[in-house]
1. In Å and whole numbers, how far do the C-alpha atoms of region 127-180 stretch along each principal axis, longest first?
2. Please enumerate, by chain and number, the lysines with C-alpha under 23 Å from the C-alpha of Lys100, excluding those fewer than 8 residues away in the same chain.
3. Summing Lys, Arg as +1 and Asp, Glu as -1, what charge do residues with Cβ under 11 Å from the Cβ of Asp162 carry, Asp162 excluded?
4. Before I look further, what does region 89-157 give for accessible area per residue, probe 1.4 Å, in whole square angstrom?
5. Could you please state how large a percent of the accessible area of region 267-352 is carbon and sulfur, counting protein chains only and using a 1.4 Å probe?
6. Could you name the lysines in cross-link range of Lys174, using Cα to Cα under 29 Å and dropping any fewer than eight places away on the same chain?
7. For region 201-246, report the accessible area per residue in Å² (1.4 Å probe, heavy atoms, rounded to an integer).
8. Could you give the accessible area per residue of region 9-59, probe 1.4 Å, as a whole number in Å²?
Amino acid sequence: MLVLGIETTCDETAAAVVERRDDGQATILANVVLSQIAEHAAFGGVVPEIAARAHVEALDLIIATAMAEAGRDFGALDGVAAAAGPGLIGGVIVGLITAKVIALVHKKPLMAVNHLEAHALTVRLTDGAAFPYCLFLASGGHTQIVAVRGVGDYVRLGTTRDDAIGEAFDKTAKLLGLGYPGGQRVEREAARGEPSRFNLPRPMLGRQDADFSLSGLKTALRLEAEKIAPLTHQDVADLCAAFQLAVVEMVVDRLRHGLRIFRERFGVPCALVAAGGVAANEAIREALLNLAAQEHVALMVPPPSLCTDNAAMIAWAGAERLAQGLCDGLDSSPRARWPLDQVGAPLPGPRPHATVTADGAALSSHSSLVGDRRGGEPRDCGPKAPHTSISTIDPFRPAGEEDGVSSNTVPSAVA
Ligand code: KG4
Ligand code: ZN
């Protein structure tokens, strides 16, 4: 099964082609990411309108590049997947409409994928993880512990009460003058800092639930920084190290409780899994390894470049849904907000959102739009010049700004 994936929910314009075999094994044939860092850097974060315009200008070429790298044409696809949310709505609209056009013109099923579901399922692409597993999902807008019981079957066990962890990394970077994108820069500074110099709080530690809270830590960091301002390079490194250690200890504690709650409700998990941009953090990955050993559970974390936003995960989630007989109508709506536990369980038998005709086209059950327009002339999607350089991801190479692959900074409005 061959699926094209499109990702445009934040500041990465990405397209990928992924093959899923019947035994569930996967091959990434192409994974192209165009980062918009240069366009947003001057503003210290992602500007939604700039992001949407940059997606419009770049997406056709990014898709063409991915298809060329995969060595396949649209006719060879079994389906087209796009992230339909949650995210910055302008960008989501660009990606979803583009996917709808390709699906319509080439008579392919459309999968309107939840971006969080794509993060949640990436470990099945990389490691073939079996259900059920306990997922730690930490990105720029979300921090959750989730029981992943099947495709479309997600039970939230814990969540953040205020900021997401990625957001806290980004705000810390901004406060300390490290700029955007924040997570990788804080991690880099922390590597040469002394964490014990500052005594920062570990919010929620020891509580019986599996929830997170980051705002107290963020405020404590600001107060410490204000006390010693102006900051030297070493002050910044020490503050980053203290912040990162506090986050790591909170994550480990929250996951210990999350795993306990998982076992109480669903039995033994097949694995502890981490996903989302924050899971690219080496200190967090190392701490999870120790935790998994203590808890006697296997740890599975995708390579950093597949933790941060990419389109291979969208293509894969689309393939997983298509393999279950799930696809979506061309009237599927883009969504700024779309909680993971509302994605919905797959239903056996007739497809819940759309039907697939004999020639493979997805027909909406509640819209005549598709039928009216099928057979129309294909739109001219000629390539246009991108804003910045395109990079192809090697999934086994760490993500880094130097190779054009970068993490996102999602403004808190998206959280
Ligand atoms: O999953 P992602 O790429 O985009 C969203 O869906 O939000 O996650 C981006 C978030 C950003 O907040 C970024 O600062 C954080 O992940 N991040 C990191 C690291 N790399 C990315 N946080 C800590 N350490 C990192 N190495
Ligand atoms: Zn993401």
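The values are calculated or read from the model by the stated rules, or taken from the named source; none is laboratory data. For clarity, every value in this text was computed on a predicted model and none was experimentally measured. Here the Cβ positions follow ideal geometry from the backbone for every residue, glycine too, while neighbour counts run over all protein chains shown. Side chains are part of the model used for accessible areas, which takes the heavy atoms of the whole protein and leaves out ligands, DNA and RNA. Shrake-Rupley method; radii C 1.70, N 1.55, O 1.52, S 1.80 Å.
1. That works out to 42, 27, 14 Å along the principal axes.
2. Of all the lysines, those that pass the test against Lys100 - Cα under 23 Å, at least 8 places apart if same chain - are Lys108, Lys384.
3. On the way: positive: Arg161, Lys218; negative: Asp163, Glu167, Asp211.
Net charge around Asp162: -1.
4. With the other protein chains kept in place, region 89-157 gives 22 Å² per residue.
5. 53 percent
6. Reachable lysines: Lys218, Lys227.
7. On a per-residue basis, 45 Å².
8. Working: 1850 Å² over 51 residues.
So region 9-59 comes to 36 Å² accessible per residue, rounded to a whole number.
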